[in-house]
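Quick notes on the structure that follows.
The values are calculated or read from the model by the stated rules, or taken from the named source; none is laboratory data. Predicted, not measured: the structure shown is a model, and the values here were computed from it. All Cβ positions, even for glycine, are placed from backbone atoms using ideal geometry, and neighbour counts span all protein chains on display. Just so you know, the surface numbers come from the protein's heavy atoms only, side chains and all, with ligands and any DNA or RNA stripped out. Shrake-Rupley method; radii C 1.70, N 1.55, O 1.52, S 1.80 Å.
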Amino acid sequence: MTTSTPLLQVSKLSVAHSDIEAVSEVDLTVGEGQIVTVIGPNGAGKTTLLSALIGLLPSRGTISVDGEMIERPEIDRMIARGLSLVPETRALFGPMTVEDNLVLGAFRRRRDAGFDRAKALDDVYARFPRLWERRRQAAETLSGGEQQMLALGRALIGRPRLLMLDEPSLGLAPLLVRELFRMIEGLRAAGVSILLVEQNARAALRVADYAYVLELGRVGLEGPADVLAGDPRVISAYLGRGADATRGTSFATRHEIPAR
Amino acid sequence: MNGQIALMLGQDGMTSGAIYALLALSIILVFSVTRILLVPQGEFVTFSALTMAAMQSGRPVRLGVLVFGLALVALAMDIVAERQRHRRWTVPRTSLALAAHGLFVVGLGLSVPFDHLGLLVQIGFALLTVVPLGPLIYRVFFQPIASAPSLVLLMVAIAVHVALIGGGLLIFGPEGARTEPFSDSVVQLGPAIIASQTLWVIGVSAALTVALWLFFETSLWGKALRAAAFNRLGAELVGISPVFAGRTSMTLAALIGAVSGIVVAPITTIYYDSGFLISLKGFVGAIIGAMSSYPVAALGALMVGQAESFSTFWASSYKEIIVFTLLLPVLLWRSLRQPSVGDDE
């Protein structure tokens, strides 16, 4: 963990869906070049948390990027600050070609004179050669794994500071899941900071530097990923034999974690 | 009926079909980007036709008043919205520019004797007056309810349409009008005699269709609009704002309607309330294209034009009924082909 200002610092973030508080008082930090994961059962508020961070949902609390508090986190501002979200649905432009999908990924950079679109496109193709082979194909004709690659590529082409991934392994075959997590590690090696939301806790904890367990909208546990992977409660709820990620038990009290 | 008459009717059908095709494209565009069924599409056609007629008969162009009025409302709404967002008073530049533009068209429209100026100047001024209505109508009536259910959007669209017809009656009066053709020449094409205005309509429609196609296929802005139509969440996540997409699609719709009005005004008498039937026929084309396929919709609209033209000959008093009855087999066919789907809300 670096001692400099964290890339993303969230404190006491709450999000309410009509009357129900889906996320309450969440504190979360992502350092530069880190993979931070948020694990937890279905309905814990993980997707809501990401939606609030990118500005799709209104929230209370504070969100700071590079130490600067964002006063009204609205989507255009969050994107301008370099946050990028790959949603669970991937939200590709189905009938458009792979290349058009990628080019539109850099839409926010359209007035940015220092941004070389051709170079950025080449970089994405270099990282995902499969997309280059399929560049003239409609996005909706790709396989699930290729679509996930395209969604990653579209999010990466605008060179985000923080990439937020919502359940990227969902619906992928085990072999592809392994490949996906290798890619995610590769991105960290290339300097991209990542906030990863996953139900596949085992895989997520393996690649992450730091982890949060979200349950019923609150952070139940947090800590370095390897420490958390060894925590008996995490093992029994999310990793142990027969443990089902969709059926985590709740931790009644917040667990004290040694300072990072 | 002999060959000569069939050729004439075919030509007529082609002309109106070309216009319906343009309107169908525009209706699909706005619907797919914003979920708004643009009932007032026809008003862009009538307003530009009547504006041209007013200029040519030496009357002042009063439509600018509506543009200016809407621009002032939009400006006020933007200032309030900015105030709520940033807790400080600012005047957004685009809405200020639109208001200034509104003042400009009011001033010119009321003072310049356009009947002494050339056709190109008249066309230019008609476009300058009608096209801003697109983004302004979006800003004032639709942007505040952009995420409302489709049914609410439809009701507002109908209300806007009714209000615009009322405005049209106040601004242009109840008389119908026809403008001078672009040129009086007649073209002999084999056995057919074709009025040059017919060629203008078909040529302009074709050129506009190609231009739109190029815009959507090759330009970043065009691609962004298509993307917003295909996946709203995806578009928002890459920074294509729904407001931008809505405003741009409505601007294009107004442009398409205005151009259509300018080219058809010399061949049909247009009244303040003619817009509804015109856009309804474009809508039939759009339905044939299932509100999503541009080429099928264009083809459907061309068929509507032919059906209308030939039924005018055989049963002129039933022509509208015949055209709209065409919808029934299409809808039946569509409903049989498609599995039933739930409401989109």
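Assess whether B:PHE172 counts as being in contact with a Lys or Arg (Cβ under 9 Å, 6 or more places away or on another chain), closer than 20 Å to B:VAL65 by Cβ, surrounded by 13 or more Cβ atoms within 10 Å (Cβ to Cβ) and among the aromatic types (Phe, Trp, Tyr). Give the derivation first.
Working: in contact with a Lys or Arg (Cβ under 9 Å, 6 or more places away or on another chain): yes; closer than 20 Å to B:VAL65 by Cβ: yes; surrounded by 13 or more Cβ atoms within 10 Å (Cβ to Cβ): yes; among the aromatic types (Phe, Trp, Tyr): yes.
Criteria met by B:PHE172.
Can you tell me which of (1) out of contact with any Gly (no Cβ under 9 Å at 6 or more places or on another chain); (2) at pLDDT 90 or above; (3) away from every other protein chain (no Cβ under 14 Å); (4) within 13 Å of B:SER26 (Cβ to Cβ) is the one B:LEU225 doesn't meet?
Unmet for B:LEU225, out of (1) out of contact with any Gly (no Cβ under 9 Å at 6 or more places or on another chain); (2) at pLDDT 90 or above; (3) away from every other protein chain (no Cβ under 14 Å); (4) within 13 Å of B:SER26 (Cβ to Cβ): (3).
What's the total number of residues in the stretch A:25-59 that are among the charged types (D, E, K, R) and either surrounded by 19 or more Cβ atoms within 10 Å (Cβ to Cβ) or modelled with pLDDT under 90 (or both)? It would help to see each step written out before you state the result.
Filtering the stretch A:25-59 for residues among the charged types (D, E, K, R) gives A:25, A:27, A:32, A:46.
Remaining after also requiring either surrounded by 19 or more Cβ atoms within 10 Å (Cβ to Cβ) or modelled with pLDDT under 90 (or both): A:46.
The number of residues fulfilling the criteria is 1.
Looking at (1) more than 14 Å from every other protein chain (Cβ to nearest Cβ); (2) part of a helix (DSSP H, G or I), find the lone condition where B:PRO181 falls short.
Every listed condition holds for B:PRO181 apart from (2).
When both residues are 6+ apart or on different chains and their Cβ atoms are under 9 Å apart, which pairs have a first residue that lies in the stretch A:65-83 and is within 19 Å of B:ALA81 (Cα to Cα), and a second that is open to solvent by 30 Å² or more (accessible area, probe 1.4 Å) and acidic (Asp, Glu)?
Short answer, once both residue conditions are applied: A:ILE75/B:GLU236; A:ASP76/B:GLU236; A:ARG77/A:GLU71.
Can you name every residue in the stretch B:1-57 that is of a type in the set (Phe, Trp, Tyr) and open to solvent by less than 30 Å² (accessible area, probe 1.4 Å)? Even if it seems obvious, please write down each step before you answer.
So in the stretch B:1-57, the residues of a type in the set (Phe, Trp, Tyr) come out as B:20, B:31, B:44, B:47.
Scanning the stretch B:1-57 gives B:TYR20, B:PHE44, B:PHE47.
Can you give me the ranges of the helices (runs of 4 or more DSSP H) entirely in the stretch A:126-227 with at least 2 residues that are within 14 Å of chain B (Cβ to nearest Cβ) and at pLDDT 90 or above?
Working: elements: A:129-133, A:144-156, A:174-189, A:201-207.
Filter on the stretch A:126-227 gives A:144-156.
Residues being in contact (Cβ under 8 Å) with a residue 60 or more places away in the chain and surrounded by 19 or more Cβ atoms within 10 Å (Cβ to Cβ): count how many of those fall in the stretch B:124-148. I'd like the intermediate steps shown before the answer.
First, the residues of the stretch B:124-148 that are in contact (Cβ under 8 Å) with a residue 60 or more places away in the chain: B:125-127, B:129-140, B:142-144, B:146.
Now narrow it down to the ones that are surrounded by 19 or more Cβ atoms within 10 Å (Cβ to Cβ): B:125-126, B:129-139, B:142-143.
Final tally of qualifying residues: 15.
Please enumerate the residues belonging to the stretch A:104-120 that are facing another protein chain (nearest Cβ under 7 Å), more than 16 Å from A:MET164 (Cα to Cα) and not in a loop (DSSP other than H, G, I, E, B).
Keep residues of the stretch A:104-120 that are facing another protein chain (nearest Cβ under 7 Å), which gives A:104-105, A:107-108, A:110.
Within this subset, residues satisfying the condition of being more than 16 Å from A:MET164 (Cα to Cα) are A:104, A:107-108, A:110.
The answer is A:LEU104, A:PHE107, A:ARG108.
Here are some residues: B:VAL160, B:VAL121, B:VAL152, B:VAL112. Which one is out of contact with any Cys (no Cβ under 7 Å at 6 or more places or on another chain) and at pLDDT 95 or above? So that I can check it myself, show each step before the final result.
Working: B:VAL121 fails: at pLDDT 95 or above; B:VAL152 fails: at pLDDT 95 or above; B:VAL112 fails: at pLDDT 95 or above.
Among B:VAL160, B:VAL121, B:VAL152, B:VAL112, only B:VAL160 is out of contact with any Cys (no Cβ under 7 Å at 6 or more places or on another chain) and at pLDDT 95 or above.
Every residue in the stretch B:184-219 that is part of a helix (DSSP H, G or I) and among the β-branched types (Val, Ile, Thr), please. Steps first, please.
At the first step, the residues of the stretch B:184-219 found to be part of a helix (DSSP H, G or I) are B:196-218.
Those that are part of a helix (DSSP H, G or I) and among the β-branched types (Val, Ile, Thr): B:THR198, B:VAL201, B:ILE202, B:VAL204, B:THR209, B:VAL210, B:THR218.
Would you mind telling me which numbered condition in (1) open to solvent by 40 Å² or more (accessible area, probe 1.4 Å); (2) part of a helix (DSSP H, G or I); (3) within 13 Å of chain B (Cβ to nearest Cβ); (4) in contact with a helix residue (DSSP H, G or I) (Cβ under 7 Å, 6 or more places away or on another chain) A:PRO95 fails?
The one condition A:PRO95 does not meet is (2).
Could you please let me know if A:ARG72 is more than 8 Å from chain B (Cβ to nearest Cβ), open to solvent by 50 Å² or more (accessible area, probe 1.4 Å) and touching a helix residue (DSSP H, G or I) at 6+ places or on another chain (Cβ under 8 Å)?
Details: more than 8 Å from chain B (Cβ to nearest Cβ): no; open to solvent by 50 Å² or more (accessible area, probe 1.4 Å): yes; touching a helix residue (DSSP H, G or I) at 6+ places or on another chain (Cβ under 8 Å): yes.
No: the conditions fail for A:ARG72.
Filter the stretch B:81-103 down to the residues that are of a type in the set (Gly, Ala, Ser) and out of contact with any helix residue (DSSP H, G or I) (no Cβ under 7 Å at 6 or more places or on another chain), then identify the one that is least open to solvent (accessible area, probe 1.4 Å). Let's see the steps before the verdict.
Let us first name the residues in the stretch B:81-103 that are of a type in the set (Gly, Ala, Ser), namely B:81, B:95, B:97, B:99-100, B:102.
Adding the requirement that they be out of contact with any helix residue (DSSP H, G or I) (no Cβ under 7 Å at 6 or more places or on another chain) leaves B:81, B:97, B:100.
On the way: B:ALA81: 38, B:ALA97: 59, B:ALA100: 59 Å².
Result: B:ALA81.
So B:VAL61 fits all but one of (1) surrounded by fewer than 24 Cβ atoms within 10 Å (Cβ to Cβ); (2) more than 11 Å from the chain's Cα centre (by Cα); (3) not in a helix (DSSP H, G or I); what number is the exception?
Of (1) surrounded by fewer than 24 Cβ atoms within 10 Å (Cβ to Cβ); (2) more than 11 Å from the chain's Cα centre (by Cα); (3) not in a helix (DSSP H, G or I), only one is false for B:VAL61: (1).
Which of the residues spanning the stretch B:230-273 are within 14 Å of chain A (Cβ to nearest Cβ), open to solvent by less than 40 Å² (accessible area, probe 1.4 Å) and within 15 Å of B:TYR138 (Cβ to Cβ)? Before the answer, list the steps.
From the stretch B:230-273, those within 14 Å of chain A (Cβ to nearest Cβ) are B:230-245, B:248; that's our starting set.
Adding the requirement that they be open to solvent by less than 40 Å² (accessible area, probe 1.4 Å) leaves B:231, B:234-235, B:237-240, B:245, B:248.
Within the stretch B:230-273, B:ALA245, B:THR248 meet the criteria.
Is it the case that B:GLY239 is outside any helix (DSSP H, G or I), more than 27 Å from B:THR129 (Cα to Cα) and among the small types (Gly, Ala, Ser)? I'd like the intermediate steps shown before the answer.
On the way: outside any helix (DSSP H, G or I): yes; more than 27 Å from B:THR129 (Cα to Cα): yes; among the small types (Gly, Ala, Ser): yes.
Against the criterion (outside any helix (DSSP H, G or I), more than 27 Å from B:THR129 (Cα to Cα) and among the small types (Gly, Ala, Ser)), B:GLY239 qualifies.
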